[in-house]
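A short write-up of the structure that comes next.
The values are calculated or read from the model by the stated rules, or taken from the named source; none is laboratory data. Everything numeric in this text was worked out from a predicted model, so none of it was measured. Here Cβ is always computed from backbone atoms with ideal geometry, including for glycine, and neighbour counts include all displayed protein chains.
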Amino acid sequence: MPRLTILLILLAVASASGCGAQSGRGSDSAPRAPVVIRVPADAPTINAALERAAPHDMVLLSPGVYRETVRIRTAHVTLRGTDRNRVAIDGEGKRGNGVVVTAPGVSVENLTVRSHLQNGVLVTGLKNEGEGIGRGSDGYHRLDPAANPPLNGFRVRYVTAADNGLYGIYAFNARRGTIEHSYASGSADSGIYVGQCRPCEILVRGNTAERNAVGYENTNASGPLWIVGNRFTGNRVGMTVGSDYLEALTPQSGATIAGNLVADNTAADTPEQADGGYGIGIGIAGGRDNTVTHNRITGHPRAALILSSAEDLAPVGNRLTDNAFADNALDAAYLASAHAPGSGNCLTGEIGPTLPAGLAASMACPASPAPAPGPLTRIDSPDAPAGLPFLDVPFPPDQPELPRAATAPAVPTAPAPQPVDAASVPLPEATLLDACSRDRR
């Protein structure tokens, strides 16, 4: 059951591009130097190559359309396309997932995943029914991270995820990873999703997400977690951060959201959401101690920034500082409920219209322990356009390649991300990653 639906109901009501694992058969062999297994030259399918792969090997894909659900169960393997735009793992609108990673230290690089009923790339510590489908909860059984330890270490870079029925790139019950220089569009839930990890130690940087229901979603994913220098434009909602009782590790806390362009999230040629969320830049529901700084948030007919409760989980200790706003119906709205009013949130910078009026003064930093004025639970909103079936969203333009993709050696293991100092992240230009966007071509 997607967490996005619950979160948006709450909101509505209230560097280069510029743009213990199960092992495969190869791990039973005698020690050897890492090798490159080429598809289709050395193996007829991607899964056949992965069955041969040992830790630190690379499976290298020649241009072509691959019609299979790829399962990576061997640690420290690299899956790479030689041409990002012409190596396509195609679900044809009938397979669930494109790439499912259930082993640590794996890198997925320089390829396209498209037209899957669930996810383009799924990275998860949850293994079930041989598919590795990440599920938070069915409403009755919450995933126990002690029984299903999180996957530890991953990297997804230079990946294009288009027209997938849930998430484009989905890290669930996984930590110590990087999602970078990737592109997601046509996702019926969110383009990029990070969920259920604490501490996450995940870096999401330099990505473009557009023409999704939501550009980026973060549920029960707590810091250290850095969402830095991304372009979330032309979706229905730019990004959401929240707590949800249907997953473990509530409440969410400690994300750093810095230097992102969050603009014009009003596109009609996007998948329609059942709950009709629309026209929001950044929404935080029941999140705590998040830092939202140096983001450019423009062109939203509902609100640029919304703080709200999630059931009885109040927004607490969030710092919204030095963001740039323009052309929003509201620059900030505080919609915490009466039974979870929140406290310790603060707001600085040049702020335009707010709800309630005068929010910039009443929530000025440093924050006081008292809740902001309220409770208010509704804001006026434009009607959401009808939208498109996710499989009908036009494919994106060609995206930048991983440098020397066909010849560069694999990194032996996906490296852990380095911490990001939010104060050092600059305010982005309105043209951030515009060469990757269909709207700027």
(Q) Restricting to the stretch 144-172, and then to whatever is polar (S, T, N, Q) and modelled with pLDDT of 95 or more, can you tell me which residue is surrounded by the most Cβ atoms within 10 Å (Cβ to Cβ)? (A) N164
Q) Which of the residues that make up the stretch 388-434 are surrounded by 15 or more Cβ atoms within 10 Å (Cβ to Cβ), out of contact with any His (no Cβ under 9 Å at 6 or more places or on another chain) and assigned to a helix (DSSP H, G or I)? A) F390, L391, D434
Q. Quick one: would you say N328 is within 18 Å of N218 (Cβ to Cβ) and either surrounded by fewer than 20 Cβ atoms within 10 Å (Cβ to Cβ) or within 27 Å of the chain's Cα centre (by Cα) (or both)?
A. no
Q: Tell me which residues, restricted to the stretch 256-293, are assigned to a loop (DSSP other than H, G, I, E, B), touching a Leu at 6+ places or on another chain (Cβ under 9 Å), of a type in the set (G, A, S) and crowded, with 20+ Cβ neighbours inside 10 Å.
A: G259, G277, G286, G287
Q. Can you tell me how many residues in the stretch 161-174 are within 13 Å of the chain's Cα centre (by Cα) and in a strand (DSSP E or B)?
A. 8
